[in-house]
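Have a look at the structure below, then the notes.
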Amino acid sequence: MDLTVFLAVLVAAACHAGWNALLKLNLESLTATTLVAVASGLVSLPVVAVLGVPNAAAWPYLAGSVIIHTLYYLALAQAYRTGDLGQVYPIARGTAPLMTALLSAFVLGELLSLTAWMGVALLGCGILLLALRGGRAMKPFDARGVSFALLTSLTITSYSIVDGTGARVAQAPVLYTAWLFVLSAIVMAVIGVWLRGPQLRPAIATRGGLALAGAALSVLAYVIAIWAMTRAPIAVVAALRETSVLFAALFSTLLLREPVMPARIIAALIVLAGALLLRLA
């Protein structure tokens, strides 16, 4: 992988972990997710206004991706109701690299080298170690939370394939991503008003700035990732993007005061090894 693309995806990973950390800061999870989704649309509006609309071939991918992203937002919000950021986040991201690599090979014909497969496998193992052994000691297993985290992982795999392909078809990754956020914002605004209407106004008043910060991180992270998918295999970019678990573990300790678990340190080293293999690939 080209060094510029490699470093850019690492920046995207840090931004992605950052906005997920913001979801855990003193705000009900679905309300926080709605605010970030809507704010992401607002942040993306200037790009849409300046660059216009993508070509017609990109719209089926955009429509499918909006549906998948809506499921992603809802599943992620449910997963964060009960779990630690340092455990829920890895579960949500853990199986996505392997599933994305397999799907991109069969659906898109993007075959990876042995080194890349080793990197993907190490990333998956490290992330799953965080998921299985990285939670708080004595914290009971929550089947419902884990189920929603796994559903989130499935949506991640799906939108990675759809958006990586859609951005290539659009031949304009920034424009494609901006429209994705604008359309997703409209859908999430409707859902948010329906499910959390009375809570949204005070949340905007007290956490509007936080939502905009999360939105800026979210948009930047995904624009970089989609741009990278037009210049490198989708599976490799998607896998490397999951190094965000390293940043999530750091944020969960420094910002959220979640405990430092030995398994988290070991898993972080495994993830780092996987990332280095992807760089070599």
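Yes or no, residue by residue, for (1) charged (D, E, K, R); (2) at pLDDT 80 or above; (3) over 14 Å from C15 (Cα atoms):
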| position | (1), (2), (3) |
| --- | --- |
| A225 | no, yes, no |
| A232 | no, yes, yes |
| V237 | no, yes, yes |
| T243 | no, no, no |
| A248 | no, no, no |
| R257 | yes, no, yes |
| M261 | no, no, yes |
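Show the residue pairs meeting these rules: Cβ distance below 8 Å; 6+ apart or different chains; first residue within the range 102-131 and in contact (Cβ under 8 Å) with a residue 12 or more places away in the chain; second residue open to solvent by 60 Å² or more (accessible area, probe 1.4 Å) and among the β-branched types (V, I, T).
Pairs found: L129/I266.
If I filter the range 171-180 down to residues being in a helix (DSSP H, G or I) and open to solvent by 10 Å² or more (accessible area, probe 1.4 Å), which single residue comes out as nearest to L71 (Cα to Cα)? Give the steps one after another, and end with the answer.
If we filter the range 171-180 for residues that are in a helix (DSSP H, G or I), which is where we start, we get 173-180.
In the following step, the residues that additionally are open to solvent by 10 Å² or more (accessible area, probe 1.4 Å) were identified as 173-175, 179.
On the way: P173: 22, V174: 22, L175: 22, W179: 18 Å.
The selected residue is W179.
Given the criterion part of a helix (DSSP H, G or I) and either modelled with pLDDT under 85 or surrounded by 19 or more Cβ atoms within 10 Å (Cβ to Cβ) (or both), identify the matching residue among A21, A63, A49.
Details: A63 fails: either modelled with pLDDT under 85 or surrounded by 19 or more Cβ atoms within 10 Å (Cβ to Cβ) (or both); A49 fails: either modelled with pLDDT under 85 or surrounded by 19 or more Cβ atoms within 10 Å (Cβ to Cβ) (or both).
On inspection, the qualifying residue turns out to be A21.
Given the structure, is A39 at pLDDT 85 or above and over 27 Å from Y80 (Cβ atoms)?
So A39 does not fit the description; no.
Which of the numbered conditions does Y72 fail, given that it passes all the others? Conditions: (1) within 17 Å of the chain's Cα centre (by Cα); (2) open to solvent by 10 Å² or more (accessible area, probe 1.4 Å); (3) at pLDDT 85 or above.
Unmet condition: (2).
Just give me the residues in the range 45-74 being touching a Leu at 6+ places or on another chain (Cβ under 8 Å) and within 23 Å of A213 (Cβ to Cβ), in sequence order.
V47, V48, H69, L74
The values are calculated or read from the model by the stated rules, or taken from the named source; none is laboratory data. Note that the structure is a prediction, hence the values are computed from the model and not measured. A quick note on method: Cβ atoms are made from the backbone with ideal geometry, for glycine too, and the neighbour counts reach across all protein chains shown. Calculation scope for accessible area: heavy atoms of the full protein, side chains included, ligands and nucleic acids excluded. Shrake-Rupley method; radii C 1.70, N 1.55, O 1.52, S 1.80 Å.
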